[in-house]
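The values are calculated or read from the model by the stated rules, or taken from the named source; none is laboratory data. These figures come from a predicted structure and were not determined experimentally. All Cβ positions, glycine included, derive from the backbone under ideal geometry; neighbour counts span all protein chains shown. Surface areas here come from the heavy atoms of the whole protein model, side chains and all, with no ligands, DNA or RNA. Shrake-Rupley method; radii C 1.70, N 1.55, O 1.52, S 1.80 Å.
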Amino acid sequence: LFVALLRGALPFATQLTTAIAETNPDFHPELDVMTVSTYGKGREPKQPEVVMGIDESKTSVAGRRVIVLDDMLDKGVTAAFVGDYFVERQASVVDLAVLTVKQTERAACFDDFPGEVIHCFEVPDVWVTGMGMDDNRIGHEANRWMPYLAVAQEA
């Protein structure tokens, strides 16, 4: 079961599951979504909260391998929170697949992430936009849907 964290993971999740299906037409990826809020309108993180969980009436988690898809692994606070969310729902394995890993120190809570972390790119410790990542300093949803990664301008 793939679970994309909205909104950031949408471009990555779409391209990844499409590539998987094209590579192996006999494998049909199951994709669900959830929304976790860690950043408000600024660039300062807050305590994560579930805004919209997966639809547990249609998607069974217990006993399954869950691969959480996200745009970036930064401090790891969101990843740790979501890992705990699925462990509490009795997932057998919880892994994380991200487009980018920021070269920064992880929060202590990430030390206990329950599974493997898979990534495509490493990026420096700067604000990155594109491929799901926005820059609200420019405008609402600015650059989120660009098909590339870019370093955001400094203030």
Open item on the list: Between 44, 105, 30, where does the largest GNM mean-square fluctuation fall for the chain, given springs only between Cα atoms within less than 10 Å?
Closed with: 44
Task: Net charge over other residues, Cβ less than 10 angstrom from the Cβ of residue 56 (K, R count +1; D, E count -1) - done: 0
- [ ] Just check the stretch 1-56 against the gyration tensor rule for me: Cα atoms, a ≥ b ≥ c as the square roots of the eigenvalues, rounded for a/c under 1.5, and otherwise prolate or oblate depending on whether a/b exceeds b/c.
- [x] oblate
- [ ] For the chain, with a Gaussian network of springs between Cα atoms less than 10 Å apart, report the residue from 34, 52, 72 with the top mean-square fluctuation.
- [x] 52
TODO: Find, among the chymotrypsin sites (Phe, Trp or Tyr not before Pro) in the stretch 46-155, those assigned to loop by DSSP (not H, G, I, E, B) with at most 14 other beta-carbon atoms within 10 angstrom.
DONE: 145, 148
Task: Accessible area per residue, Å², the chain with all protein chains present, probe 1.4 Å - done: 56
Open item on the list: If amide hydrogens are placed 1.01 Å from N in the peptide plane, which non-local residues have theirs closer than 5 Å to the one on residue 68?
Closed with: 3, 95, 96, 97
- [ ] Report the net charge of residues surrounding residue 84, where surrounding means a beta-carbon distance below 13 angstrom and charges are Lys +1, Arg +1, Asp -1, Glu -1.
- [x] -3
Open item on the list: Using only the alpha-carbon atoms, how far is helix 77-88 inclined from the longest principal axis of the chain? Give it as 0 to 90 degrees, nearest 10.
Closed with: 10
Open item on the list: Pick from 126, 68, 94 the residue whose mean-square fluctuation is largest in a GNM of the chain, springs joining Cα atoms under 10 Å.
Closed with: 126
Open item on the list: With a 1.4 Å probe and all protein chains left in place, how much of the accessible area of the chain comes from carbon and sulfur atoms, in whole percent?
Closed with: 53
- [ ] Exposed loop trypsin sites (Lys or Arg not before Pro) only (DSSP loop, at most 12 other Cβ atoms within 10 Å): please give the longest stretch of the chain free of them, not including the sites.
- [x] 59-155
TODO: Could you state the angle between the C-alpha long axis of helix 10-23 and the longest principal axis of the C-alpha atoms of the chain, as a value from 0 to 90 degrees rounded to the nearest 10?
DONE: 50
Open item on the list: Return the equivalent ellipsoid semi-axes of the stretch 66-151 as a descending list in whole Å, where each equals the square root of 5 times an eigenvalue of the C-alpha gyration tensor.
Closed with: 25, 13, 12
TODO: Check cross-link reach from residue 58 to the aspartates and glutamates: straight Cα distance under 12 Å, and skip same-chain residues fewer than eight apart.
DONE: 30, 32
- [ ] Ratio to report: Rg/Rh of the chain, with Cα atoms as the point set and Rh obtained by the Kirkwood method; give two decimals.
- [x] 0.95
